[in-house]
Amino acid sequence: MKTLFYTVILMLTVSAIEAQICNNLWPVVSPDGQYVYFSSDRHGGNFEIYRCDIDGNNLIRLTNSSDPKMYPAVSPDGSKITFQSSDYGTSAEIFIMDNDGINLVRLTDNSTYDGIPSFSPDGQKLIFSAWDGEEYPEIFTMNIDGSQRTQLTNMSGANWQYAPRYHPGGTNIYFEAGYNADNHLMMMDTDGTNWVDITPPNYFGYYDGGIDFNADGSKIIFFTTEWVGYNNGSDIVIANADGSEWQRLTYSTDGDYYYEPAFDRVSNKIFYCYNAVSSENIWTMLSMNDVGFEVTPFNNCFNVGVEELENSSDINIYPNPASGAVRVQVPSVSETSITLTNTLGQDYSPPFTTDREKMLIDLNGLSKGIYALQIHSGSQMRTELIVIE
């Protein structure tokens with residue numbers, strides 16, 4: 001079976017930890033141009049979902065769990081985030097949450113791969129990749145509550161239909177298609193019919209993928225191995241929505257990857273990931289304008305919140321900073337108590353609701369500032385400084 005181009009990058013986590021440098025991947029910009037969502041391993045563990053302002057300030061960690069969180073996508077109104085949890089394989093599932101990390105809901109729960117979700121233009125559906133009985137992906141849709149799972153493509157053998165995206169106009173679906181390592185971009189109607197090549201079908205060893213659209217859908221942006229060859233680097237291209245008039249924005253040398261570009265649909269700035277052959281396999285995020293100039297490093301590797309104590313790895317707290325509510329994942333809700341303490345030493349016992357092994361702590365009514373959140377859960381204890389915005 002084909003070794004998937006995307007999954008190779010997850011192997012870089014160990015080297016990133018040893019070097020105390022973080023990987024930052026899969027940027028996506030909110031529709032209003034205010035925020036960037038992305039995945040990072042900056043806490044020294046799995047990839048988690050983060051949000052920051054469009055200029056990189058006010059970083060917030062939105063997820064915290066034992067599985068990597070990948071490929072975030074934001075809803076058309078900016079209120080929801082969907083993502084893939086776990087790597088490519090049978091454990092990969094799709095989740096959705098509010099844009100501040102609250103109200104996390106698992107939408108798929110099965111023994112097949114479900115991943116790389118994105119929203120329909122009306123925000124009512126998700127489109128995603130999944131297995132349909134064999135270990136090669138097809139394209140599916142479902143409602144944003146996980147209901148009405150519908151398969152749109154069905155190709156036999158080692159054919160890939162992968163990483164689908166709705167065109168902003170809602171009349172077409174773009175996706176990656178190919179056999180083994182020759183994926184190229186295609187378009188089809190929303191019912192899965194009328195396939196059209198957007199980029200030319202590739203010979204084995206070349207790859208086009210990671211598509212995004214500008215605001216009116218007249219332009220697409222994607223990465224390609226057209227000039228350097230598969231597993232030897234990639235470049236970013238902007239083109240018309242029909243695949244014509246390629247404009248090469250980056251110029252990779254052997255081993256340099258320009259990867260996963262995303263439009264800021266307000267400013268037309270492009271955010272993307274970069275891995276230089278000289279950078280010890282570390283992925284950074286940068287931005288540039290839509291002609292490839294004014295390249296600016298976008299991220300650092302500062303952590304947010306306070307690291308987990310050694311004896312409390314089963315207790316997770318997110319988001320942090322928080323506004324309105326904070327979620328706490330614990331081994332046993334029934335055996336858990338919480339206390340909030342402000343900088344004056346005043347203790348609070350805020351109201352909370354429970355959902356299986358999670359507690360949703362209501363922060364409404366508390367003043368903005370820094371608090372110590374102390375959690376006792378069975379034999380474990382965790383104290384973390386949280387910021388209430």
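Applying the set (1) modelled with pLDDT of 90 or more; (2) farther than 30 Å from residue 142 by Cα; (3) not polar (S, T, N, Q) to residue 292 leaves exactly one unmet item: (1).
Mind checking whether some residue in segment 70-86 is surrounded by fewer than 19 Cβ atoms within 10 Å (Cβ to Cβ), closer than 29 Å to residue 385 by Cβ and among the acidic types (Asp, Glu)? No, because not a single residue in segment 70-86 is surrounded by fewer than 19 Cβ atoms within 10 Å (Cβ to Cβ), closer than 29 Å to residue 385 by Cβ and among the acidic types (Asp, Glu). Being part of a loop (DSSP other than H, G, I, E, B) and modelled with pLDDT of 70 or more is a condition met by at least one residue of segment 332-348. Taken together, the residues in segment 116-129 that are assigned to a loop (DSSP other than H, G, I, E, B) and in contact (Cβ under 8 Å) with a residue 40 or more places away in the chain amount to 4. Scan segment 239-247 and tell me whether some residue there is charged (D, E, K, R) and part of a strand (DSSP E or B). No, every residue in segment 239-247 fails to be charged (D, E, K, R) and part of a strand (DSSP E or B).
Considering segment 106-125, and only residues there that are under 17 Å from residue 86 (Cβ atoms) and surrounded by 14 or more Cβ atoms within 10 Å (Cβ to Cβ), the residue that is modelled with the lowest pLDDT turns out to be 112. Out of curiosity, is residue 203 out of contact with any helix residue (DSSP H, G or I) (no Cβ under 9 Å at 6 or more places or on another chain), among the aromatic types (Phe, Trp, Tyr) and buried (at least 18 other Cβ atoms within 10 Å of the Cβ)? When the stated conditions are applied, residue 203 does not pass them. Can you confirm whether residue 86 is on the phi < 0 side of the Ramachandran plot and under 16 Å from the mean Cα position of the chain (by Cα)? The answer is no for residue 86.
Condition check: within 23 Å of the chain's Cα centre (by Cα) and surrounded by fewer than 23 Cβ atoms within 10 Å (Cβ to Cβ). Does residue 266 satisfy that? Answer is yes for this residue.
The values are calculated or read from the model by the stated rules, or taken from the named source; none is laboratory data. In this text the structure is predicted, and so the values were computed from the model without any measurement. When we count neighbours, we look across all protein chains shown, and the Cβ atoms used for this are built from the backbone with ideal geometry, even at glycine.
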